[in-house]
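The values are calculated or read from the model by the stated rules, or taken from the named source; none is laboratory data. Please read all numbers here as calculations on a predicted model, not as lab measurements. All Cβ positions, even for glycine, are placed from backbone atoms using ideal geometry, and neighbour counts span all protein chains on display.
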Amino acid sequence: MGDLNESALLQRIFPRLAAVSGVVVGPGDDAAVIHAPDGRTVLSIDTLVEDHDFRLHRASGFVTTGYDVGWKAAAQNLSDINAMGAQPTSLVVSLTLPKKTPVAWVEDLADGFSAAILALGAEGCGIVGGDLGAGPVVVVTAAVTGSLDGRKPVLRSGAQPGDVIALAGTVGRAAAGLALLEANLAVEALEETSVHLIHLQCRPEPPLAAGPAAGRAGVHAMIDISDGLLRDANRVAAASGVAIDLDPVVLERLADPLRHAAQLLRTDPLSWVLGGGEDYGLLASFDQTVTLPAGFIAVGSVSAGAPRVRCGSLAPAATGWDHFAD
């Protein structure tokens, strides 16, 4: 980057960004202009920081590509819109880059953003602008907008006693992939299922069709599981003023794809299911009379009582992700 100016980099990035029909003014001006036919805009923002949210190089030789970081930044932002029952409409991206950053890495990052948008099913969303700056480490911040298409926003605070708690997407897999990376194992020596877990840590796959489908089905409350099933379920319980019971039999079943990696690392796969974030699945609360939308499975129930989450007789030590915890 030290050998290329800002304008020259933008000329390389802009052709990599897919144009979408809802954009009135796209990249190149001081601000973008997008259509808001619903009259309301859903808005969220997330940041990825080098050596805090991702490592470019690991002792095992594993390299995190720009494509990986672009994909993950897109996925985590699109997931927040999904959790509101909305559909994403635009992204703006701020990049902080050390001068030593290879230009090809930044081009790869732009490709990862665009590929994630298309592959995850957010075809109506596009990158409409952003900002570039220099700094000591790579920092990727993306803000995303979304449209409710006439529906009510789905909040965390609507769960009611008697509801069914349901899950769309996966839990624990990205956390297992991170644990494998942190163990500094040679990826090429791992069997296929473990390699897939690492892939999901680098390129999460939030179920973007599930959020709007839940909204259409009359979901009462919803959250994306970015910080761990237990932590995020507790957020729903606290916001709604209810007690949540997760089914330990279902939790054990969700741990099945993680057991080989858990044996390799000598850990309990349930710790990943309950405490692992970054799969960006959805946890939702539905009236018990509702037929769950495609992609959701029942994982628990809601009852009256002081806000808490319980997992049968399980006493999990997992607490989930906290940016400022030790």
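Out of 39, 61, I need the residue that is free of Cβ contacts under 8 Å to residues at least 24 places away in the same chain and not assigned by TED's automatic domain parsing to the domain that holds residue 235. Which one? Reasoning before the result, please.
On the way: 61 fails: free of Cβ contacts under 8 Å to residues at least 24 places away in the same chain.
The unique qualifying residue is 39.
Looking only at residues that are of a type in the set (Lys, Arg) and modelled with pLDDT of 95 or more in the range 42-73, which one is nearest to residue 200 (Cα to Cα)? Steps first, please.
Residues of the range 42-73 that are of a type in the set (Lys, Arg), as a first pass: 55, 58, 72.
After this cut, where a residue has to be modelled with pLDDT of 95 or more as well, the list is 55, 72.
Details: 55: 15, 72: 9 Å.
Per the stated criteria, the residue is 72.
Which of the residues belonging to the range 59-82 are of a type outside the set (D, E, K, R) and out of contact with any helix residue (DSSP H, G or I) (no Cβ under 9 Å at 6 or more places or on another chain)? First the steps, then the outcome.
Residues of the range 59-82 of a type outside the set (D, E, K, R): 59-67, 69-71, 73-79, 81-82.
59, 63, 76, 77 - these are the residues of the range 59-82 that are of a type outside the set (D, E, K, R) and out of contact with any helix residue (DSSP H, G or I) (no Cβ under 9 Å at 6 or more places or on another chain).
Could you identify the single residue in 56, 9 that is surrounded by 17 or more Cβ atoms within 10 Å (Cβ to Cβ) and either on the phi > 0 side of the Ramachandran plot or in contact with a helix residue (DSSP H, G or I) (Cβ under 8 Å, 6 or more places away or on another chain) (or both)?
Values: 56 fails: either on the phi > 0 side of the Ramachandran plot or in contact with a helix residue (DSSP H, G or I) (Cβ under 8 Å, 6 or more places away or on another chain) (or both).
The match here is 9.
Could you give me the residue pairs with C-beta distances under 8 Å whose first residue belongs to the range 112-132 and is in the same structural domain as residue 82 (by TED's automatic domain parsing) and touching a residue at least 40 places away in the same chain (Cβ under 8 Å), whose second residue is assigned to a helix (DSSP H, G or I) and among the aromatic types (Phe, Trp, Tyr) wherever it lies, and which are 6+ apart or on separate chains?
112/67; 112/71; 113/71; 115/67; 115/71; 116/71; 127/113
Among the candidates 130, 39, single out the residue that is assigned to a loop (DSSP other than H, G, I, E, B) and more than 18 Å from residue 201 (Cα to Cα). Break it down into steps so the answer makes sense when it comes.
On the way: 130 fails: assigned to a loop (DSSP other than H, G, I, E, B).
39 is the lone residue from the list that is assigned to a loop (DSSP other than H, G, I, E, B) and more than 18 Å from residue 201 (Cα to Cα).
Got a sec? Which of 303, 313, 285 is crowded, with 21+ Cβ neighbours inside 10 Å and not hydrophobic (A, V, I, L, M, F, W, C)?
On the way: 303 fails: crowded, with 21+ Cβ neighbours inside 10 Å; 313 fails: crowded, with 21+ Cβ neighbours inside 10 Å.
Testing whether each residue is crowded, with 21+ Cβ neighbours inside 10 Å and not hydrophobic (A, V, I, L, M, F, W, C) leaves just 285.
Name the single residue, out of those in the range 133-150 being part of a loop (DSSP other than H, G, I, E, B) and in contact with a strand residue (DSSP E or B) (Cβ under 7 Å, 6 or more places away or on another chain), that is nearest to residue 77 (Cα to Cα). Spell out the reasoning first.
First pass over the range 133-150, keeping only residues part of a loop (DSSP other than H, G, I, E, B): 135-138, 148-150.
From what's left, in contact with a strand residue (DSSP E or B) (Cβ under 7 Å, 6 or more places away or on another chain): 135, 137-138, 148-149.
Numbers: 135: 23, 137: 21, 138: 18, 148: 16, 149: 19 Å.
Per the stated criteria, the residue is 148.
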